[in-house]
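Have a look at the structure below before the remarks.
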Amino acid sequence: MLESGCKALKEGVLEKRSDGLLQLWKKKRCILTEEGLLLVPPKQPQPGPPAAEPPAAKIKELHFSHMKTVDCVERKGKYVYFTVVMAEGKEIDFRGPQEQGWNAEITLQLVQYKNRQAILAVKSTRQKQQHLVQQHPGHRLRSASNSA
């Protein structure tokens, strides 16, 4: 996403619950953009020259077009726990420090993304209707107000 010109709106560390049997919490460096959420493995201190960014295969992208909602927000101790529900039904659990407000930021960006998509869909429909009217100027489109 960042390669396509989207700027990072928020960066920080969240913990993601693993899909494995033990469901351990693993730290992920997160980058929130207008298009979704990038999950990057945290930088591992290694001897020698400073490590470059992890390969793209290690970066997981949760695109808003595949996201359904942010759900199940719960505050316990110093953490806020929340679940990102994907369109196909998969649920991804996260936790982060309460004061960082990741769940609210993700929800806000998701709503803004969905609104932009809805506006584009309406504009596209209107353009198609105008194109049809221009192609057939003598024909009127039927409307709900027509009476028998």
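Overview of values
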| item | result |
| --- | --- |
| Residue among 100, 112, 117 that alone is under 20 Å from the mean Cα position of the chain (by Cα), closer than 22 Å to residue 17 by Cα and open to solvent by 70 Å² or more (accessible area, probe 1.4 Å) | 100 |
| Hits in segment 24-73 - residues which are at pLDDT 90 or above and open to solvent by 90 Å² or more (accessible area, probe 1.4 Å) | 24, 26, 27, 66, 68 |
| Long-range neighbours under 7 Å by Cβ, at least six apart or interchain, first residue free of Cβ contacts under 8 Å to residues at least 60 places away in the same chain within segment 12-26, second open to solvent by less than 60 Å² (accessible area, probe 1.4 Å) and not in a strand (DSSP E or B) | 24/18; 26/18 |
| Only listed residue being exposed (fewer than 12 other Cβ atoms within 10 Å of the Cβ), charged (D, E, K, R), within 18 Å of residue 27 (Cα to Cα) and out of contact with any Ser or Thr (no Cβ under 7 Å at 6 or more places or on another chain), chosen from 123, 78 | 78 |
| Pair list, Cβ under 9 Å, 6 or more apart: segment 81-96 residue open to solvent by 50 Å² or more (accessible area, probe 1.4 Å), other residue of a type in the set (Gly, Ala, Ser) and part of a strand (DSSP E or B) | 81/96 |
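The values are calculated or read from the model by the stated rules, or taken from the named source; none is laboratory data. A quick note: this is a predicted structure, and the numbers were derived from the prediction, not measured. Methodologically, a virtual Cβ is constructed for each residue, glycine included, from the backbone with ideal geometry; neighbour enumeration extends over all protein chains shown. Only protein heavy atoms, including side chains, enter the accessible area calculation; ligands, DNA and RNA are left aside. Shrake-Rupley method; radii C 1.70, N 1.55, O 1.52, S 1.80 Å.
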